[in-house]
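Quick notes on the structure that follows.
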Amino acid sequence: MAKSKTNGVNGGETVIRVRGLVSGFHGVSVLKGVDFEIKHGEVIGLVGASGGGKSVLTRSLIGLLPKWSGSIEVFGRDLDKIEERERQAIERRWGVLFQGGALFSSLTVRQNVQFPMRENLSLSNRLLEEIALAKLEMVGLHRDVLDKMPSELSGGMVKRVALARALALDPEILFLDEPTSGLDPISAGDFDALIMALQETLGLTVFMVTHDLDSLYTACDRIIALADGKVIADGPIETMLEAEHPWLKSYFHGARAQSRSGAAA
Amino acid sequence: MAAEALLHVRVEGRRLVLDAAGGWVAARASEIEALVEGVFRKRPAVDAVEINLTHLERLDTVGAWLIERLRRAAGDAKLYPEIVGIDPRFKVLLDEVAISNKEPPHPHPRKGALIDFLEHVGIAVAEVGKDLSSIVQFTGEVVVASGRVLLAPMRLRFTSIVHHLDRVGFRAVPIIVLINFLIGAILAQQGIFHFRRFGAETFVVDMVGILVLREVGVLIVSIMLAGRSGSAYTAELGSMKMREEMDALRVMGFDPVEVLILPRLIALIVALPLLTIVGSLAALVGGGLVSWVYGGFPPEVFLDRLREAVTLDTIKVGMIKAPFMAAVIGLVACVEGLRVEGSAESLGEHTTNSVVKSIFLVIVLDGFFAVFFAAIGV
Ligand SMILES: Nc1ncnc2c1ncn2[C@@H]1O[C@H](COP(=O)(O)OP(=O)(O)OP(=O)(O)O)[C@@H](O)[C@H]1O
Ligand SMILES: [Mg+2]
């Protein structure tokens, strides 16, 4: 189950650049100077301890949390220095899957997926219906869910619908907060395959928070490890395996990781 | 770019060649869709269709789906479609959409306007029945829980009651005082203005005293609390229900009625009569002040007349209603809270219902009390 990705995307343009990002809550900093870059077409896995600030970092990247200092550039534009219109244009170029799904609770599944398309594209009704269903089928859902309300879905289904909604506008960057948690291992594997397929076709750049070692091995080009509010390692899986940091050692060489590499060998 | 042809159609012998070119992307979906629909509108005189993607530059899901639609339309016309010149970059996406939408999506269920209207009326009528039965059922649950607590008073959540008393009672004092003061003042002003024509200004004191102590004080306080605390109860319980907090309590062996609802109800039943006393006093002060400033009779006169006009019965009639009003408001608020379902919209709807229904029931109840007291001659 070695990495089969061939399209080494080195040398692409930088789509996200984070410099000295500091952020937190109520005077307590969670991120204490985070630096990294993401190139076009990369699939990045963000790892870190639970409560270590991965969601905070993701939310800062998409501009939901104010930062205390540092800068974030997306598509070469500093998000703090652009006008509202340009910001909205950038926001349409990314899709976000929140950790809790964040589906609109008063809309059906169909309406949730159609919502971004209806607002941003002028599609005929027939096309809207067909594309929404195609997106849902892509993420492995059956057409029976179309008219369900979010409160009637299982946890894994919520994740998939949220992913379908994040993909609705064929975004260039996809931010995923723990996309495979709550999915069974088979679906999680399908999900990784889907991400890779979409990455290849649409040239997606993917920023994915994940604890799923399989995803890290198979789907991610590069892994960024966050600990104590800083990036402690940044590189492909081999870098992680060789890293000396105690947290990374126990993460990638702990009992669960062992059983995985045993199975893969 | 805009002028370029997205779809070239030409006939080669018995074969129709469809050349897709440029960017097949969502932004140009309507143009592309029109082109795609146009191709097979009238059956071309050919035996086979070739879809050539060699000149395709960009493709997204919408574009890929439209190519797939083209292929299916050709397939339906028995024209043996064949896609050639697929860029490897696009292959995955085309394969992905090729297996989707095997059956057309169900249409939105649409009925006629009349049927819709009748359905709504039916649902509304059935709702009223359900409302009544759920209030009765819920009252039963509360009584059972109260019974349990009475048998084991240690189970009463005293801290919680005090907390809610603070919220619904103590913190409501300023607004209740203000509103009742104004109402008392307005009543007195109107009374003086109109009674003056008959030279009967002094009866204003009787009117204000009796009206405030029997009816207005308790009604205003009840309506305020229905809006202020009933809505808060509904929203709190509703969002707890949405986030499975009730279920969490239940599986830990707690009864949500006992833990969440009883303290809220008790707090309301204690707070409303106390606020009625405060509110009625404020209204009398307001009335007294206006009588003095606008009507010209000093406070001693006002108090004297008040003492004559108001008996203990008047006060009792007002006060006895207060706990019943509180119970109605609390029960309706909690029932509505527990009926909230998954969506934010449902939360809003039930919060509105809670306020509207409790105000309605408070006024109906007041009517019943009026009839009752008239019958027993108080
Ligand atoms: N809204 C908030 N207010 C205050 N503190 C917060 C808030 N959101 C997160 N935090 C704190 O920030 C820290 C990082 O939280 P974050 O949600 O980013 O963790 P995480 O790395 O995503 O963890 P997990 O893997 O469990 O999702 C935690 O200590 C958390 O308590
Ligand atoms: Mg998180």
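Considering only C-alpha atoms, what is the centroid distance from segment B:257-288 to segment B:308-378, in Å?
Segment B:257-288 and segment B:308-378 have Cα centres spaced 12 Å from each other.
Counting only DSSP beta bridges with both residues in chain B, what percent are antiparallel, rounded to the nearest 5?
Antiparallel: roughly 30 percent of the beta bridges in chain B.
What ³J(HN,Hα) values, in whole Hz, does the Karplus curve 6.51 cos²θ - 1.76 cosθ + 1.60 give for segment B:14-25 when θ = phi - 60°, with x put for Gly and Pro?
Along segment B:14-25, the couplings run 9, 10, 9, 10, 10, 9, 8, 9, x, x, 8, 10 Hz.
Tilt of helix B:231-242 relative to the longest C-alpha principal axis of chain B, in degrees (0 to 90, nearest 10)?
40
Just name one of B:Asn101, B:Val293, B:Ala200: the one whose Cα is farthest towards the positive end of the charge dipole of chain B (beta-carbon charges, Lys/Arg +1, Asp/Glu -1).
B:Ala200
Sorted by packing (mean other beta-carbon atoms within 10 Å per residue), highest first, where do A:47-55, A:64-72 land?
With the highest mean Cβ count within 10 Å placed first, the list reads A:47-55, A:64-72.
Rounded to two decimals, what ratio of Rg to Rh does the protein assembly as shown give with C-alpha atoms and a Kirkwood Rh?
Rg/Rh: 1.13.
Would you please give the residues with an amide H less than 5 Å from that of B:Asn52, counting only those at least 5 places away or on a separate chain, with H modeled from the backbone geometry?
For B:Asn52, the qualifying residues are B:Leu18, B:Asp19, B:Ala20, B:Val84.
Using a 10 Å cut-off on Cβ to Cβ distances, tally the other chain neighbours for every residue of A:117-125 and report the average as a whole number.
3
Just how far, in whole angstrom, is segment A:214-240 from segment B:90-152 if you go by their alpha carbon centroids?
45
Give me the extension gain from A:Ser181 to A:Glu119: residue separation times 0.36 nm, minus the current Cα-Cα distance, reported in nm with one decimal.
Going from the current span to full extension adds 19.4 nm.
Starting from the amide H of A:Gly33, placed 1.01 Å from N in the peptide plane, find each other amide H under 5 Å away whose residue is 5 or more places distant or on another chain.
Amide H neighbours of A:Gly33: A:Leu21, A:Val22, A:Ser23.
Given H placed on each backbone N at 1.01 Å, which residues far from A:Ala227 in sequence or on other chains put an amide H within less than 5 Å of it?
A:Ile232
Between B:Ile99 and B:Phe203, what length in nm is gained on full extension when 0.36 nm per residue of separation is reduced by their alpha carbon distance?
Contour length minus the Cα-Cα distance gives 28.9 nm.
Taking each residue of B:61-70 in turn, how many C-beta atoms of other protein chains fall within 10 Å of its C-beta, and what is the average?
Taking the mean over all residues of the peptide, I get 4.
When only C-alpha pairs under 8 Å and at least 6 residues apart count, what is the relative contact order of segment B:127-375, in percent?
33
Per-residue HN-Hα couplings for segment B:59-74, Karplus 6.51 cos²θ - 1.76 cosθ + 1.60 at θ = phi - 60°, whole Hz, x for Gly and Pro?
8, 10, 4, 4, x, 4, 5, 5, 5, 5, 5, 4, 5, 5, 4, 5
Give a residue-ordered list of calculated ³J(HN,Hα) values for segment B:128-140 (Karplus: 6.51 cos²θ - 1.76 cosθ + 1.60, θ = phi - 60°; whole Hz; x for Gly, Pro).
4, x, 4, 3, 4, 5, 6, 5, 5, 4, 5, 4, x
Among A:Ser187, A:Leu103, A:Ala164, which residue has its Cα furthest toward the positive end of the charge dipole of chain A, with +1 on Lys/Arg Cβ and -1 on Asp/Glu Cβ?
A:Leu103
Would you work out which of A:Leu61, B:Ala232, B:Thr276 lies farthest towards the positive end of the dipole of the protein assembly as shown, given +1 charges on the beta-carbon of Lys and Arg and -1 on that of Asp and Glu, about the Cα centre?
Positive-end residue among those listed: B:Thr276.
Which angle from 0 to 90°, rounded to the nearest 10, does the C-alpha axis of helix B:88-98 make with the longest principal axis of chain B?
60
Any read-out appearing in this document is the output of simple, stated calculations on the displayed coordinates, not a laboratory observation. Given the structure is predicted, the values throughout are model-derived calculations rather than measurements. When we count neighbours, we look across all protein chains shown, and the Cβ atoms used for this are built from the backbone with ideal geometry, even at glycine.
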